[in-house]
Amino acid sequence: MGLKSSEAIVIGGHNLGEADRIVVLYTLSYGKVRAVAAGARRIRSRFGGSLELFSHGRLVYFERPTSDLHRLNEFALCEPFHGLRTSLELLTAASEVVELGGMAGVEGEGSAELFALILGALRRLNNGMELSLLLRTFEIRMLRTLGYLPEIDKCVRCRRSLPEGVQSFGLNEGGLLCPVCRGGAMETTTVSPAALGFLREALQGEIGSSHVTLIPEVREEVRYLLQTFLEFKLGRRIRSARFLAGIPGFSLDTLSSH
Ligand SMILES: [Zn+2]
């Protein structure tokens, strides 16, 4: 109870009433926090433009003991990440980062690893790192942070080595399945040797910023596999497009091609 303070990143929000705003933050010390910024939409608000999506700063809030909606007192901006709102591609990529962060984050429970993962990805995006490579690396690191790193070297069920060629990935099992074990698996998706090669490098942390070039089909396959597995584990769809819902002609298909 009382005033709390933590380093924080704005990961979402929506308007409340005439002039207020509910802001969702991922904080270093207390995990996910939802707080009302009173008067945030007034022209002369004391928050100014500091509570924009992706903003990184120092949060002070008043904790309400009987509610999960607290009162935002102060947000001292450190990094505004203005650049992330300058193009649809960047906005979408950064939205996926904070959306996944919010899905993985727990209220009242901070994780230094998750906080660093979100902030690091926003910084790399802001510095112009190639989007799809950055997002795939982010998704793999997210799986590692959550303890869901997939098994891709042996059959996840019987530990036998795998034959060459196209593999079968079991979502429930959390890894590749040999021809014997895949028979009993409920939900599977296929993985090509090229996609597997990329995943192996990525899991070993050998993906740099430029030396990996993936053909669009493999790029799309890796994206589908990682996002489907994350959605399965987190029990929710990744719906980054909701931030952009008002844009005509914009669809999830447009998003996923980047
Ligand atoms: Zn097996």
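Any read-out appearing in this document is the output of simple, stated calculations on the displayed coordinates, not a laboratory observation. None of these values were measured; they are calculated from a predicted model. FYI the Cβ positions are ideal-geometry reconstructions off the backbone, even for glycines, and counts take in every protein chain you see.
The lysines whose alpha-carbon is closer than 27 Å to the alpha-carbon of residue 233, local same-chain residues fewer than 8 away aside, are 32, 154. Taking Cα centre as origin and charging only the Cβ of basic (Lys, Arg, +1) and acidic (Asp, Glu, -1) residues, the dipole magnitude of region 46-158 rounds to 140 debye. The stretch between residue 73 and residue 46 holds 8.7 nm of extra length on full extension. This uses 0.36 nm per residue minus the Cα-Cα distance. Note on residue 160/residue 190: beta-carbon distance plugged into 1/(1 + (r/R0)^6) with R0 of 22 Å gives a FRET efficiency of 0.75.
With helices as the sole contributors, the chain gives -10500 deg cm²/dmol at 222 nm; each DSSP H run of n ≥ 4 counts as -39500 (n - 2.57), and the sum is divided by every residue. Comparing 143, 122, 100 in a Gaussian network model of the chain where C-alpha atoms under 10 Å apart are linked, the largest mean-square fluctuation is found at 143. Would you please classify the overall shape of region 2-126 from the alpha carbon gyration tensor, given that a ≥ b ≥ c denote the square roots of the eigenvalues, rounded means a/c under 1.5, and beyond that prolate means a/b larger than b/c while oblate covers the rest? Note, shape of region 2-126 comes out oblate.
Using the Cβ atoms and a cut-off under 15 Å, what net charge is assigned to the surroundings of residue 106, where Lys and Arg are +1 and Asp and Glu are -1?
Charge balance in the 15 Å sphere: 0.
The long axis of helix 88-104 is offset from the longest Cα principal axis of the chain by roughly 90 degrees. For the chain, the longest principal axis of the alpha carbon atoms and the long axis of helix 216-234 meet at an angle near 70°. Placing a pseudo-label 7 Å from each Cα along the Cα-to-Cβ vector at residue 15 and residue 62 gives an inter-label distance of 2.5 nm. Expressed as an acute angle from 0 to 90° and rounded to the nearest 10, what is the orientation of the C-alpha long axis of helix 193-203 relative to the principal long axis of the chain? Orientation of helix 193-203: about 50 degrees from the principal axis.
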